[in-house]
Each structure stands twice: as C-alpha cells, then as structure tokens.
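What follows is a short report on a single structure.
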Amino acid sequence: MLGAGEARAGRIEAAVVALYAIALALVTGRHEMFRDESQAFLIARDSNSLFELFHNLRYEGHPALWHLILYIPAHLSWNPASMQWINFVFAVLEAWLIVSERRMRMWMRVLCVFSFFVFYGYGAVARNYMLAMLLLTAAARCFYAVKQRRGLAIGLLALAIQSHFFAIPVVAVIAIWKFAIDKVDGWRNAGCLLRNNQ
C-alpha cells in the first residue's frame, strides 16, 4: 500500500504529464509539418511492400524503424497527421518516464519535460528523434530499476540503434558504462586497473 507522501507524489506526477499532454496536443494540432517530417511519411506511403520500403530508404541517413512504424498508418490513411499523433504518444510516454523518475528533484523533471527538445523539438516535430529518445530513456530506466531488467534494456538499446543514427554512440557509451565501467566500480578504479596492466 502506498504511503500518503508517495500517493501525493504520484498525483503531482500525473498532473505534470497531463499538463504536458494537453499543451503538446495543442501545439501538435497547430504545427505545420516540415518537409523532412513529411518525407518519412511519403516514403512509407509510396512503398508498396516492405522490400520496396527498404529499397526506398537507401538514400536516407537513418535506420528503418521509424519508417516501419509509419508503414501501416500511411497505408490506412493518406493523412500525415497520423504520424504526428504516433509521435505524440511516444512523447507522452517519454514525459511519463522522465517525470516518474523520483531520483531526480521534481523541478528538474518538470524543466526537462518542458524543455525545447523534449516538448517541441522532439515532441511536436514528428521525426525519429522522439522514438530514439524514448527507447534510450526506457533502457536506462530498466538498467537502474530496483529490479534490473537487463534483457529488456538490451533489447531497447538494439531498437534505439534501429531508430536513429545518433543513438549509436549513446548506446556505445551506455554499453561501455554498464558492461565495463560498472564491473570495476567506477572510472577511478578503471583507471587504476589500466595503469596496473601496463
């Protein structure tokens, strides 16, 4: 059973996420899509098969996961607004992952979710940025949960690599940290081990 303090914190977190969702819905509804946003939807829409989708992605600079997610909605409706609302769902999930992380102070979590990138740059602009950020945040939460879910975290990191090119160096740093640095209890001990092995 939750204590009074935890229940109150949960209500505050829910209110922050609800406020984020309402504000983002208003901005998303008024946001005219940029050319690079529309391009992803048009590639998914104009590909008649998954094979053709991968063929059409040969000049894109990012992996295929975002286009694969858009493939079915693009064939159900030619309205690119569906892409905006898919990104909206990802953004609200990201906001919940950030706001519910109680190891950070609440004012930091609120500033984070209402920052330019989380709110507008990745939230309202429907590109593969929010998908990559959501997968990376979820993986980090799995690694640092009370009951670690390493297998799920590794799967989320693999999906993040498939969502955005810039997720690759972030995943590499997380992998080095979790599977090398954590094993030797931090950077200082890692430096000592390197000096001793020379």
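The values are calculated or read from the model by the stated rules, or taken from the named source; none is laboratory data. Please read all numbers here as calculations on a predicted model, not as lab measurements. So basically every Cβ, Gly included, is an ideal-geometry build from the backbone, and we count neighbours across all protein chains shown. Ligands, DNA and RNA are stripped out before the accessible areas are found, and what is left, the full protein with its side chains, is counted by its heavy atoms. Shrake-Rupley method; radii C 1.70, N 1.55, O 1.52, S 1.80 Å.
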Margin query: Just checking my list (1) 1.41; (2) 1.37; (3) 1.19 against Cα Rg over 2.2 N^0.38 Å computed from this structure; which label fits?
Written below: (3)
Next item on the list: Loop sites only, by DSSP: take the trypsin sites (Lys or Arg not before Pro) in the chain that have at most 16 other C-beta atoms within 10 Å and name the longest stretch containing none of them.
Entry: 1-101
Margin query: With +1 assigned to the C-beta of every Lys and Arg and -1 to the C-beta of every Asp and Glu, and no other charges, what is the dipole magnitude of the chain about the Cα centre in debye, to the nearest 20?
Written below: 820
Next item on the list: Please find, in a Gaussian network model of the chain (springs between Cα atoms separated by less than 10 Å), the residue of Phe166, Phe116, Phe179 whose mean-square fluctuation is greatest.
Entry: Phe179
Note to self: Between Lys147 and Ala15, what is 0.36 nm times their sequence separation minus the Cα-Cα distance? Round to one decimal in nm.
What the structure shows: 44.9 nm
Notebook entry, point to check: What GluC sites (Glu not before Pro) does segment 1-96 have in DSSP loop regions with at most 16 other beta carbons within 10 Å?
Noted result: Glu32, Glu60
Next item on the list: Name the residue, out of Ala74, Ala15, Ala167, whose mean-square fluctuation peaks in a Gaussian network model built on the chain with Cα pairs under 10 Å.
Entry: Ala15
Note to self: At 1.4 Å probe radius, can you tell me the per residue accessible area of the chain in Å²?
What the structure shows: 60
Check: Along segment 76-81, what does the Karplus equation 6.51 cos²θ - 1.76 cosθ + 1.60 (θ = phi - 60°) give for ³J(HN,Hα), rounded to whole Hz, x for Gly and Pro?
Finding: 7, 8, 8, 8, x, 4
Notebook entry, point to check: FRET efficiency for Arg8 and Met104, Cβ-Cβ distance as r, R0 = 22 Å, nearest 0.05?
Noted result: 0.80
Checklist line | Residue (of Ala132, Phe165, Met104) at the positive-pole extreme of the chain, dipole from beta-carbon charges | finding: Met104
